[in-house]
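K.L.:
Just dropping this structure here.
Coordinate-derived values only; no laboratory data. A quick note: this is a predicted structure, and the numbers were derived from the prediction, not measured. Cβ atoms come from the backbone with ideal geometry, glycine included; neighbour counts cover every protein chain shown.
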Amino acid sequence: MNRVTKAILLAAAASALLLSGCGQKKEVNDSGKLNVMASFYPMYDFAVKIGGDKVNVTNMVPAGTEPHDWEPATKDITGLEKADVFVYSGAGIEHWVEDVLKSLKNNNLTVTEASSGISLLKGEEQEEAQSEEHEHGEFDPHVWLSPVNAKKEMENIKDAFVKADPANEAYYQANYDTYASKFDELDKKYKDTLTPLPNKSVVVAHEAFGYLCNAYGLTQMGIEGLTPDSEPDPARMAEVIDFVKENKVKTIFFEDLVSPKVAETIAKETGAKTEVLNPLEGLTDEQLKNGDDYFSVMEKNLTVLKEALE
Amino acid sequence: MEIFNYAFMQRAFVVGILLAMVIPCIGVVIVLKRLSMIGDALSHTSLAGVAFGLIIGINPVAGAVAACIMAALGIEAIRRRLPRYSEMSIAIIMSAGIGLAGVLSGFVKNSANFNSFLFGSIVAISDMEMFLVIGVSLTVLLLFVLLYKELFYIALDERSARLAGVPVKIVNFIFTVLTAVTVSIAARTVGALIVSSMMVIPTACSMQFSKNYRQTVLYAIVFDVVFMIIGLFAAYYLGLKPGGTIVLVGVVFLLFIFIGKKLLGVKG
């Protein structure tokens, strides 16, 4: 059903484009602000932080939705037609980007793949990540989960803003400098906290934390491969359970946007507890209301990681 | 054996075998009433119930059960009006259910929450779900035994059942509610795919051999338990997705039965 829904959505989006694409002039941006479309939450958060009050940022994936399965709807395509800048993370997480960009008629759009310039990890668990692996390509797309990479992504976004709106270059640069030092601080804090801890193995819902683990000497064991939300196979679950027992893992991590059932099953079997480790693929409405952002979530992640690895 | 060292696999076997014994009881009657697709229709409608439950803040499982009961009664009502096209009633309710689920899901804030109520997996079963399944299974078995004759009459021919003095309306009502509750609970626990196939495939296999109603029921149960056990073993040792594996085991069996009968038929 999922496939069918996707096909219908794409068809609808495509036909809407056909209908609206011809003859429509690009609307003049009356507010004087840069219109930015961000592909999902971290991109949105970084764009808002750089752009401040000089930009209007739209997060394409709605709050509480898992970006791996998301497809743009008609209004997202029209949004892109009217936008000045489109920011996406790339490395395959937005599998729809290529097709959508090809179909756009917007000549003034500055497109940025925020992960460009970051050395990508190969998706190690390719064979394990069954059904949907082809959508992911060969790389692990979850680059933003290491603060160093996140800083690079933000820099790419800053460059895109400067290109689209050179008049405000100093403003964007100043914002970037503020947050760049925050990323450095966060990176240092992660290093200082995680390096001395005795345990190095984390069990997570899906293998989103490759870059984070790489940066701080941890290893991740994912219940699912690179994409969440497929039915687990029992052999993999048995493997994870053995791993948890052998390495005396204290905490099984799950995610806000993915069903916790499998994590709970494994936790119960091994006597471990469950805890949320947020891969920042999206925040829920509640978290947004509480004023959470990249930094606050990463701080929380560090706290639970510390508890789990002590 | 290694496979039984894991509590989640033990649970999968307990719940799986229990459901494999109960679902064919319903399945045989369903098939004879020409309502084979009812499992799919109900599990889709239960999505609407889950969404509704999440929106108004009641327990989504209760929402699913309520939606399934309403849908099943709806199917019964339409079927009575169009007695010669009973499969139409399923198509109608299924479209209504999917449509409603689609519209309602737009109002559900957290999709993870939604997903966790939609998709059960036989290898991730919680305590509550296991007790629910045990409770439902025992109820179904008990009622099936108590109403054995009545259901048999109705399944074969409703009109003669009525003439023979069977309280068709009441029995149909009980059976419909039973089906709805079983499908909604089982779909949430082991997945909709397993439930709808377990209703039909074992019955189809069994009908290739059985000479009467009682045999059909018994063989169907045996077949289903065998499919379940082989499916779980295969999924574990070959690293396959359990839901699909269990269904495919049944389909392959059915295929072999057809081929075997053909070959024997040619020889004889």
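K.L.:
Apply the membrane-span-like helix rule to chain B: whole DSSP H runs, Cα extent along the own long axis of at least 20 Å, mean Kyte-Doolittle hydropathy at least 0.0. List the helices found.
P.N.:
Flagged H segments are B:7-32, B:38-56, B:60-81, B:86-105, B:127-146, B:168-190, B:192-207, B:213-238, B:242-267.
K.L.:
Counting only other chains, and only Cβ atoms inside 10 Å, what mean value do you get across the residues of A:51-57?
P.N.:
Partner-chain Cβ atoms within 10 Å, mean over residues of A:51-57: 0.
K.L.:
Over chain B, calculate the relative contact order: mean separation of alpha carbon pairs under 8 Å at least 6 apart, over the residue count, as a percent.
P.N.:
Working: 371 pairs, mean separation 75.3, N = 268.
RCO, chain B: 28 percent.
K.L.:
Within 10 Å of each Cβ in B:7-13, how many Cβ atoms from other chains are there, averaged over the peptide?
P.N.:
4
K.L.:
Which net charge results when you count Lys and Arg as +1 and Asp and Glu as -1 among the other residues whose beta-carbon is under 15 Å from that of A:N199?
P.N.:
+2
K.L.:
Taking the radius of gyration and the Kirkwood hydrodynamic radius from Cα positions alone, what is the Rg/Rh ratio for chain B, to two decimal places?
P.N.:
0.98
K.L.:
A:H206's amide H: which non-local residues (gap 5+, or another chain) put their own amide H closer than 5 Å, with H modeled 1.01 Å from N in plane and none for Pro or chain starts?
P.N.:
Result for A:H206 returns A:I223, A:E224.
K.L.:
Between segment A:255-305 and segment A:34-59, what is the separation of their alpha carbon centroids in Å?
P.N.:
24 Å
K.L.:
Where the centre of each part is set by its Cα atoms, how far does segment B:2-78 sit from segment B:193-268, in angstrom?
P.N.:
Using only Cα atoms to place each centre, the spacing works out to 20 Å.
K.L.:
Using the Karplus equation 6.51 cos²θ - 1.76 cosθ + 1.60 (θ = phi - 60°), what ³J(HN,Hα) coupling, rounded to whole Hz, does each residue of segment A:43-48 give in order, writing x for Gly and Pro?
P.N.:
5, 4, 4, 5, 5, 5
K.L.:
Sticking with this structure for a sec: Would you mind putting A:171-181, B:30-40 in packing order, based on average other-beta-carbon counts within 10 Å, highest first?
P.N.:
Going from most to least packed, we get B:30-40, A:171-181.
K.L.:
Once the Cα gyration tensor of segment B:17-132 is diagonalised, what are the square roots of 5 times its eigenvalues, in whole Å and ordered largest first, as equivalent ellipsoid semi-axes?
P.N.:
25, 20, 10
K.L.:
Would you mind classifying the protein assembly as shown by shape? Square roots of the alpha carbon gyration tensor eigenvalues, ordered a ≥ b ≥ c; an a/c under 1.5 is rounded, otherwise it is prolate if a/b is larger than b/c and oblate if not. Display every interim value, and only then the final one.
P.N.:
Numbers: a/c = 2.52, a/b = 1.73, b/c = 1.46.
Prolate shape, in that a/c is at least 1.5 and a/b is the bigger ratio.
K.L.:
Right, next: Packing-wise, with mean Cβ within 10 Å as the measure, how do B:222-230, A:71-79 rank, highest first?
P.N.:
B:222-230, A:71-79
K.L.:
What residues have an amide H closer than 5 Å to that of A:L121, excluding those fewer than 5 places away on the same chain, when H is modeled at 1.01 Å from N in the peptide plane?
P.N.:
For A:L121, whose amide H was placed from the backbone, the distant partners under 5 Å are A:D140.
K.L.:
Shielding by partners for B:235-242, please: the mean number of other protein chain Cβ atoms within 10 Å of each residue's Cβ.
P.N.:
5
K.L.:
Let me ask something additional. Need one number for segment A:27-186: average projected area of the convex hull over its C-alpha atoms, nm².
P.N.:
9.9 nm²
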